[in-house]
1. Can you tell me the 0 to 90 degree angle between the C-alpha axis of helix 262-279 and the longest principal axis of the chain, rounded to 10?
2. Return one whole number: the accessible area per residue of the stretch 1-121 in Å², for a 1.4 Å probe.
3. Once every DSSP H run of n ≥ 4 in the chain is given -39500 (n - 2.57) and the sum is divided by its residues, what mean residue ellipticity at 222 nm do you get, rounded to the nearest 500 deg cm²/dmol?
4. Once you have the Cα-Cα distance between Asn66 and Thr192, take 0.36 nm times their residue separation minus that, and quote the gain in nm to one decimal.
5. How far apart, in nanometres, would the label points at Leu79 and Asn234 be if each is projected 7 angstrom from Cα along the Cα-to-Cβ direction?
6. Using a 1.4 Å probe over the heavy atoms of the protein chains, calculate the carbon and sulfur portion of the accessible area of the stretch 1-79 as a whole percent.
7. Say the cut-off is 25 Å between C-alpha atoms; which of Lys159/Lys193; Lys102/Lys272; Lys20/Lys238 go over it?
8. For labels at Asn131 and Thr216 in the simple 7 Å Cα→Cβ model, what's the distance in nm?
Amino acid sequence: MDSKLISGKEVSARIKEQVKKEVMMLNSQGVFPKLSVIIVGENPASLTYVKGKHKDCAECGIVSENIALPETVSQADLLAEIERLNNDDSVHGILVQLPLPKHIDEYAVINAISPTKDVDGFTAVNVGNMNIGKDCFTPCTPQGCIDMLDYAGIDMTGKDVVVIGRSNIVGKPVSVLALQRSATVTICHSKTKNIADKTRMADIVIVAVGRAGFLTGDMLKPGAVVIDVGINRNSEGKLCGDADFDSCIDVVSKITPVPGGVGLMTRANLLKNTIKSAKNCLK
Ligand code: GUN
């Protein structure tokens, strides 16, 4: 069974080894890659994610700073903080952890980040450049899905890829990246009729709906590949993905586990993007 698993641990460990080498190379040239993370409020999931990001940076020799702002911070103060980081040459990457409190305009905040430091790839400039296939910061989770397919040796050319979910963070961008790899892409969402009819035609299913066990084995073509982006807790409080692992595992040729799958790749790609930004200082 294990041979069916595409391990995020393995793929992210590889990326981290590469990042460590690049950090040493940059250090030797007087560049010290630095990531600044802004977190507003105390959303428990966000606190956990941010802690993981700092841990990864420390492991790879990337300097990271945490800027914790109160839930009540004004949008103007948050924008001023971003502007300060935009103008600080020692900072290569800026990440504002989402979600933000309701009184803050997420679009305005994201797009206040300089596109040259937008290591999440969320600004309109990076989203636009990604859409037309130009150099950009690609968003970390979608890129992580592609990295896992690459690592498993799966060529997407001409493959039928079904993406379930149309979020700006995962569904839409991963569809664009799959299209750039010459896949035939279908995007399903909450209003799609007969999703199972679509998924049963798919060579690759990328599921990002945030619902535990949404994708079941009977919705898959035998030998399909499943990339599971979900991070949910089931009724017993156990971490699980959007795919019902037990019913999918017998049908698929490959599947990413949760935990130990795409989530680790999100973190690894943040490191990669931070290095990419720091390298631009050498140009
Ligand atoms: N919240 C959930 N995922 C992400 C992410 O990839 N980046 C940021 N900034 N916030 C998130």
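1. 40
2. Details: 6140 Å² over 121 residues.
Spelled out: the 1.4 Å probe surface of the stretch 1-121, per residue, equals 51 Å².
3. -12000 deg cm²/dmol, from helical runs alone.
4. Working: separation 126, 0.36 × 126 = 45.36 nm, distance 4.04 nm.
Between Asn66 and Thr192, full extension yields 41.3 nm more.
5. 4.6
6. Carbon and sulfur: 57 percent of the exposed surface of the stretch 1-79.
7. In this structure, Lys102/Lys272; Lys20/Lys238 lie more than 25 Å apart at Cα.
8. Between Asn131 and Thr216, the label points sit 3.7 nm apart.
The values are calculated or read from the model by the stated rules, or taken from the named source; none is laboratory data. Please read these numbers as outputs of a predicted model, since none were measured by experiment. Heads up, the Cβs are rebuilt from the backbone with ideal geometry, glycines too, and the neighbour counts pull from every protein chain shown. Surface accessibility is based on the protein's heavy atoms, side chains included, excluding ligands, DNA and RNA. Shrake-Rupley method; radii C 1.70, N 1.55, O 1.52, S 1.80 Å.
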